[in-house]
Amino acid sequence: MELEKVMNTRVVRSLAKYYAGKGKRHVKNLFTFEDEKFKLPSLMSMPLRIVLGIAMKKMGVTKEIKKGFFSQRHNLQTIDNILKTLAYNGLSQPFRMYGPALIVWNYTNVCNLRCRYCYQSAGRPLPDELTLEEKIDLINQMVEAGTAFLAFSGGEPILGPHFWDVLKYASRFLHISIATNGTLLEDRKLVEKLADFGAKNVFVSLDGATPESHDYIRGHGNFNRTIRGIENLVANPYLNVGINMVVTKRNYHEVEDVLKLAVELGVNSFTHYNFIPTGRGKEDYEQDLSPEEREDLLNLLYDWFERRKETGLNIISTSPEFARIIYDRSGGRSAGLFHYSADSGTVISGVIKYAGGCGAGRVYAAVQPNGLVSPCVFMPDVIVGNVREKRLIDIWRESDLMWALSDRENYHFNCPKYRYICGGCRARAYAYGDILGGDPGCLVYKKLKEEMDKIKYIEELNEKATMEKEAVNAANVEGEKAVAFVADKKYGKSIIEEVGAGT
């Protein structure tokens with residue numbers, strides 16, 4: 001709490017407001033100073049430089065990483081966003097950004113596949129998808145909001161109208177990732193075009209280590225097409241390539257085989273995607289992992305996470321519970337950053353309580369093909385605004401639901417130890433009935449719920465016993481005994497109370 005006391009003082013918040021406003025030129029100078037050898041920092045920029053220097057040193061940032069950070073435009077927006085957050089929100093648990101740091105844009109509903117678990121139920125275009133002018137304006141709205149990272153998703157974003165024009169424009173301001181099924185990238189010219197037009201990361205869906213398992217989800221013949229697409233991407237020196245895998249009971253046993261395949265292919269990362277029964281996935285609730293299976297999976301991922309320097313494979317999970325696994329198995333030294341966990345996303349223990357857990361409505365939001373805004377891509381029917389009617393930053397700042405998702409004190413369950421490290425996936429909680437409730441796939445939540453159910457059950461039994469005792473006393477039945485109740489044997493307890501005769 002000492003950090004909060006310092007960062008929330010009037011002096012610090014006033015300085016943050018200055019650097020985010022009138023003094024913004026001093027922040028911009030940080031991004032030109034490395035290239036201007038003889039330019040001395042101004043006196044007013046010194047407090048910012050000192051604070052950033054100390055923070056980066058504590059997080060183990062090397063001079064090389066620091067130089068790279070200050071050479072990229074999107075990081076200017078990151079710092080500006082953090083300064084505005086400190087100025088207007090203050091430092092809180094968890095940390096809610098002034099504007100969304102990341103936008104996942106379902107660029108189009110058009111797709112060449114009909115995947116079994118597609119959260120978007122993609123296929124045909126929506127009748128009211130954004131025009132080119134509206135798409136360019138949306139990019140400008142993201143920059144205005146302080147967004148630094150943009151992930152194009154879909155549908156298949158490459159098939160969307162005006163994709164290449166929009167990609168080229170967006171890459172001038174934002175760090176760009178593409179989520180794709182990979183089948184179109186059998187064409188090497190498309191891979192080269194992605195790199196030439198400014199994409200940095202390309203994530204390809206691969207849901208099994210064999211054609212049988214992958215094609216069950218993605219359609220016949222697509223495993224081989226996807227592998228060829230991945231090989232073409234890896235061959236391009238300008239792109240970072242990742243494999244995304246939605247894990248269910250059907251392919252749970254193949255995760256390690258896919259990890260090994262990822263290493264053989266030479267990709268940079270493997271991302272485990274939580275199965276969320278939304279979109280077409282609503283038909284497959286029974287394929288969701290049990291809490292015990294998910295726990296085993298996340299521990300397997302941590303084993304590979306520990307070997308990342310050896311394998312060259314970064315391990316990521318969209319499951320907030322992975323942050324808890326990292327926290328426990330690292331002895332509390334680190335956990336996951338924001339709503340996913342990765343090598344570059346592990347953070348020192350002092351920052352964990354601010355940065356950990358689901359980022360929906362807190363550090364990121366989703367935009368649908370027609371401009372509707374959701375807290376998360378896995379909640380496509382939860383709409384908090386429309387960029388055709390309201391600026392993105394105003395939707396973010398004024399949505400009651402977005403603020404509620406960031407306030408873990410008011411969640412409908414209590415997880416004392418991991419509330420700020422994890423807090424559960426909001427999309428999974430929503431899919432199972434309560435957006436502010438617990439994630440039924442979390443083993444910790446399952447055990448907490450069992451204990452709470454036990455306590456509630458015993459309280460109900462005692463309440464009934466008390467009522468029966470009062471009824472006997474009221475009847476003044478001399479010598480009569482009443483047995484109050486016996487608790488269910490599954491709890492291993494008996495509550496037997498003899499109620500004496502009334503006096």
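When all protein chains stay in place and ligands, DNA and RNA are ignored, the 1.4 Å accessible-area order of K454, K57, K66, largest first, is K57, K66, K454.
Within a straight-line Cα-Cα reach of under 19 Å, K63 can be paired with the following aspartates and glutamates, leaving aside sequence neighbours fewer than 8 residues apart in one chain: E34, D35, E36, D343.
Average 1/r across all pairs of distinct alpha carbons in the chain, invert it, and you get the Kirkwood radius: 24.8 Å.
Taking K189, K67, K24 and ordering them by how much accessible surface each has at a 1.4 Å probe, largest first, produces K189, K67, K24.
Using Cα centres only, tell me the gap between the range 445-459 and the range 301-319 in whole Å. With the range 445-459 and the range 301-319 each reduced to a Cα centre, they are spaced 35 Å.
How big, in percent, is the set of alpha carbon pairs in the range 151-274 lying more than 24 Å apart?
Numbers: 1790 of 7626 pairs.
Everything past 24 Å amounts to 23 percent.
Kindly express, to the nearest 10 degrees and within the range 0 to 90, the angle between helix 132-145's C-alpha long axis and the longest C-alpha principal axis of the chain. With both axes taken from Cα atoms, the answer is about 70 degrees.
Label-to-label distance, E4 versus K28, with points set 7 angstrom from Cα along the beta-carbon direction: 3.6 nm. Among beta bridges identified by DSSP and lying wholly in the chain, the antiparallel ones come to about 20 percent. Straight-line cross-link partners of K469 among the aspartates and glutamates, defined as a Cα under 18 Å from its Cα and at least 8 positions apart when in the same chain: E459, E460, E478, E480, E497, E498.
Report, in listed order, any pair from K28/K57; K200/K282; K67/K390; K249/K449; K168/K282 with a Cα-Cα distance greater than 27 Å. Over 27 Å Cα-Cα: K200/K282; K67/K390; K168/K282.
On a 0 to 90° scale, report how tilted helix 73-84 is relative to the longest principal axis of the chain, with both axes built from alpha carbons and the result rounded to the nearest 10. In the chain, helix 73-84 runs at an angle near 40 degrees to the longest axis. Given a 1.4 Å probe and the protein chains as shown, E134 ends up with an accessible area of around 60 Å². Relative to the longest principal axis of the Cα atoms of the chain, the long axis of helix 46-58 makes an angle of roughly 60 degrees. Within the shell of other residues whose beta carbon sits under 14 angstrom from the beta carbon of E133, the net charge comes to -2, with Lys and Arg scored +1 and Asp and Glu -1. Probing with 1.4 Å while keeping every protein chain in the model, the per residue accessible area of the chain equals 47 Å². Whenever you get a sec, compute what percent of the accessible area on the chain sits on carbon and sulfur atoms (1.4 Å probe). So the carbon and sulfur contribution to the accessible surface is 54 percent. Its alpha carbons give the range 253-325 an Rg and a Dmax of 13.1, 40 Å. Solvent-accessible area of I455, all protein chains in place: 80 Å² (probe radius 1.4 Å, heavy atoms, ligands and nucleic acids excluded). At what distance in angstrom do the alpha carbon centres of the range 394-421 and the range 96-154 lie from each other? Value for the Cα centre distance between the two parts: 24 Å.
The values are calculated or read from the model by the stated rules, or taken from the named source; none is laboratory data. What you see is a predicted model, and the numbers here were worked out from it, not measured in a lab. Heads up, the Cβs are rebuilt from the backbone with ideal geometry, glycines too, and the neighbour counts pull from every protein chain shown. In case anyone asks, the SASA skips ligands and DNA or RNA and just uses the protein heavy atoms, side chains included. Shrake-Rupley method; radii C 1.70, N 1.55, O 1.52, S 1.80 Å.
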